[in-house]
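Asker: I'd like to ask you about the structure that follows.
The values are calculated or read from the model by the stated rules, or taken from the named source; none is laboratory data. What you see is a predicted model, and the numbers here were worked out from it, not measured in a lab. Because the Cβ atoms are built from the backbone with ideal geometry, glycine has one as well, and the counts that use them run over all protein chains shown. Accessible surface areas use protein heavy atoms only, side chains included; no ligands, DNA or RNA. Shrake-Rupley method; radii C 1.70, N 1.55, O 1.52, S 1.80 Å.
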Amino acid sequence: MDVEVDTKNATVDKVVCYAPNMVTSNGIWQGESPLNYALPLFILQVTLVVVATRTFVFLLKPIRQPRVIAEILGGLILGPSVLGRNKTFANAVFPLRSVMVIETMANVGLLYFLFMIGVGMDLSAIKRTGRKAATVAVAGMVMPFIVGVLSTFFFIKHWDESANKAAYMLLLGVILSVTAFPVLARILTELKLSNSEMGRVALSAALVNDVCSWTVLAVSIALVDNEKPTLASAMVVVSSLAFIAFYYFAVRPLISWVIRKTPEGENFSDLYICLILSGVMVSGFITDALGTHSVVGGFVFGLVIPHGPLGDALIEKLEDFMSGLLLPLFFAISGLNTNLGLIKGIHMWGIIIFIVVMACIGKIAGTILVALSYGMSINEGAALGLLMNSKGLVEMIVLNIESFAIMVTITILMTGIIVPGLSIIYRPARIISYKKRTVQLSKRDAELRVLVCVHTPRNVPTIINLLEASNPTKKSPICIYVLNLIEFTGHSSSLLIQQNIRKSDHPSLNRSQAQTDHIINAFANYEQHAAFVSIQPLTAVSSYSTMHEDVCNFAENKRVAFIILPFHKQQTVDGGMEPTNMAIRSVNQNVLAKSPCSVGILVDKGLHGSNRLPIDQVSHHVSVLFFGGPDDREALSYAWRMCEHPGITLTIMRFMPGEEVTKPKKDHNHSVDPDEPRVLTVETDKDNDKELDDKLIHLFRISHANDESLVYIEKTVNNGEETVAAIRSMDDMHDLFIVGRGRGMISQLTAGLTDWSECPELGAIGDLLASSDFASSASVLVVQQYIGAELDVGDGIVTPDFNAMQKHEDFISQISHHSTTTPPPSERSTVFSAESFHR
């Protein structure tokens, strides 16, 4: 029962009566309302909070607003600002008697969330942030803090003259000057800026800013309940410092002993995990008893846990439940305590907007000055300053002050303007267009740039073996950009991977970091043992729906000619193919559609089966299945590079149309006008492709006329059935098939193969070779050539070796003339050896 009592001072004291036995109801069939009992009412409240929060997350996702805005708005909707204005709703769903239960659970969630923030915060990283990031952090804090201090006098005068001015100054100063690291990291990830120079500086500066803000917040919380500095308030500060010192010098060594006692790679004992999680409660109790907020204890306890596998284990056990369920309750309580109706009049709203604008201008101005001193442009400095306005959880922990609505409004406004403001201020410079976007176009005496995408360590061995076989030489070295793609799940643990600059003796941050280290170390080891190879590791953290943007942006920024993507299926023990992650398939499809260069999808079916050999002992049997078209020409160009490796044996099987295909079919019911423009266009395209195919094949054969490791075969087929039979008739000695995707090519030679295709992104032939029905254990590289305006050169044929074309120009003309006058081979298979080239 809720009772309101009027006092002489015209204030209202609310007395709430609780029935200790009214926890669970007997059910609606007994005539009882579940909302009169604590547990069912709490369940309903949690459900409403989660639904409201997730609804705003969904609505704000298209405009890329951070999740904290959605959580705050979800709380506001349920509070007295919107739905709570209806007394029936407020009394039924959020009655005063339920506030203690939901607020207690919300603070438990807040306590553990602050513990997780402490665990995920690497203090040693502050030493490695660099002078630029530290200067940006300080410059971005000073001016807004001054604005907050000056604004304090106005708000105290109009809201609560009895408030503690010192604590109020600190709180408002922190709110205006703070940069929330988790929120900023999410914004940069959504905007694809986390790998840019500006993004790295912003994250490092936010880390410094975040630590400073939490320190100031702890001091202000210690002072907020003390109207004047007294011996008690001094004891609060001294005892809090003693608490921090005890945890650092006593508790931290104990945690380190637990880590050392647990063998590397093994799970931590449930007893240790349980004791640490209980220690969070104990820490919160101690700091609450000392006079500071309980969250300070949880945060300090998290800070003393060494950065590494133990912290990762704790976060994995807590993050989903606390961040997804209990923490939104805290924002709901914030919403229940926020009544925007208290901000009355245009004058008050104008003052709030003026303070927000001044704080933003102060932060941006300070950041621009620092940016200019470090050689950055004004636009980059302004964008960096705008990013530093990211607000988060710190601003919500300003309890028991009457101007809470103002604090919430300032937080929403300052964080909400970041994304739209950034789209206006900062527009990354476009990369100058480059021409070497395909392997076929790349010169043989120049560096070949390749972007390798890796999802898991399982992708590494086959990719390294493929790169080893790609024949890096002094004349034509290979620059390999290794892009480790990590799914962004929204967890704070994944946000630090890009910023984690680890020393060799430090343990991995978490499982994703351990996999990243394994991948980087494997390629670094390959670089040490290989000649004329340079490796540059990269990491991209993003959702699968936008991961292709990272791949394409890196490819264009690094000006690569070829992207290698791992297939989304892996081979099982019995030889079948099973999907590992269907989201990877979507990434591959999107990259194929939007790539700025040529792309190859690598299907791993055993190329990594043998142990790694020294570079000079690599031995592989490679086969190219050539049907014609730009994709097949790109596949042949890549094989051209590989066949110059002394350990590579190359077989080229070119499929030629038989008489049934070339012989025109008579149709008495329908006649086609040969002068029709569409028919002429199709026939012209086919003729052009045929001419380009012939030229490249002839040049390739001439250039390798004396190569005993090369076998060229022509197969005459009439339909898809005969094509499959010809492929199946090949021996099992091949390790790798290289085929074109055949995009846009319609041929009778592959007719019917696409009818039962499982993976159309591989093309008809690639899908056949990658399927479980195909008995061969050879891996498959499916190649798609980039087709753009940059390829419109000369007569339309771009060869991998211009010198060879000039050298054999006369001989090519003779061979071309011979091929046009000689009828198709009568046999289904003709093998041309080195001797036949000379004939």
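Asker: So if we plug the beta-carbon distance of SER534 and LYS475 into 1/(1 + (r/R0)^6) with R0 = 22 Å, what FRET efficiency do we get, rounded to 0.05?
Answerer: Efficiency for this residue pair is about 0.90.
Asker: Highest mean first, how do 303-311, 537-545, 341-349 rank when packing is the count of other Cβ atoms within 10 Å averaged over residues?
Answerer: 303-311, 537-545, 341-349
Asker: Mind checking the full-extension length gain between ARG54 and ALA524? Use 0.36 nm per residue of separation minus the Cα-Cα distance, one decimal, nm.
Answerer: Going from the current span to full extension adds 164.9 nm.
Asker: Give me the accessible area per residue for segment 200-357, probe 1.4 Å, as a whole number in Å².
Answerer: Heavy-atom SASA per residue in segment 200-357 reads 48 Å².
Asker: While we're looking at this one, here's another question. Taking R0 as 30 Å, what's the FRET efficiency between ILE63 and LYS87 from their Cβ-Cβ distance, rounded to 0.05?
Answerer: Using R0 = 30 Å, I get an efficiency of 0.35.
Asker: Further question: Under the 0.36 nm per residue contour assumption, what length would be gained going from the current alpha-carbon distance of THR546 and ASP732 to full extension?
Answerer: Here the segment from THR546 to ASP732 would lengthen by 63.0 nm.
Asker: Next up: Grab the beta carbon distance between GLU691 and ASP574, set R0 = 35 Å, and tell me the FRET efficiency rounded to 0.05.
Answerer: Efficiency, from the Cβ-Cβ distance: 0.15.
Asker: I would also like to ask the following. Provide the gained length on full extension for the span ALA751 to ASP707, in nm with one decimal, where the gain is 0.36 nm per separating residue minus the Cα-Cα distance.
Answerer: Residue separation times 0.36 nm, minus the Cα-Cα distance, leaves 12.4 nm.
Asker: Viscosity 0.890 mPa s, temperature 25 °C: give me the Stokes-Einstein translational D for segment 41-154 in µm²/s, with Rh taken as the Kirkwood radius over C-alpha pairs.
Answerer: 138 µm²/s
Asker: Would you mind pulling out the separation of the Cα centroids of segment 243-306 and segment 465-483, in Å?
Answerer: The two parts, judged by their Cα centres, are 48 Å apart.
Asker: Also: In whole Å, how far is the Cα centre of segment 694-757 from that of segment 328-367?
Answerer: Here the answer is 67 Å between Cα centres.
Asker: How far apart, in nm, are two points set 7 Å out from the Cα along the Cα-to-Cβ line at PHE285 and at LEU35?
Answerer: Placing both labels 7 Å along Cα→Cβ, they lie 3.7 nm apart.
Asker: Classify segment 541-598 as rounded, prolate or oblate from the Cα gyration tensor: take a ≥ b ≥ c as the square roots of its eigenvalues, call it rounded if a/c is under 1.5, otherwise prolate when a/b beats b/c and oblate if not.
Answerer: Prolate.
Asker: Need one word for segment 35-425: rounded, prolate or oblate. Basis is the Cα gyration tensor (sqrt eigenvalues a ≥ b ≥ c); a/c below 1.5 gives rounded, then a/b vs b/c decides.
Answerer: Judged from the Cα gyration tensor, segment 35-425 comes out rounded (a/c under 1.5).
Asker: Taking the simple approach of a point 7 Å from Cα along Cα-to-Cβ for both GLU197 and ASN26, what is their distance in nm?
Answerer: Reported label-point gap for GLU197 and ASN26 is 7.5 nm.
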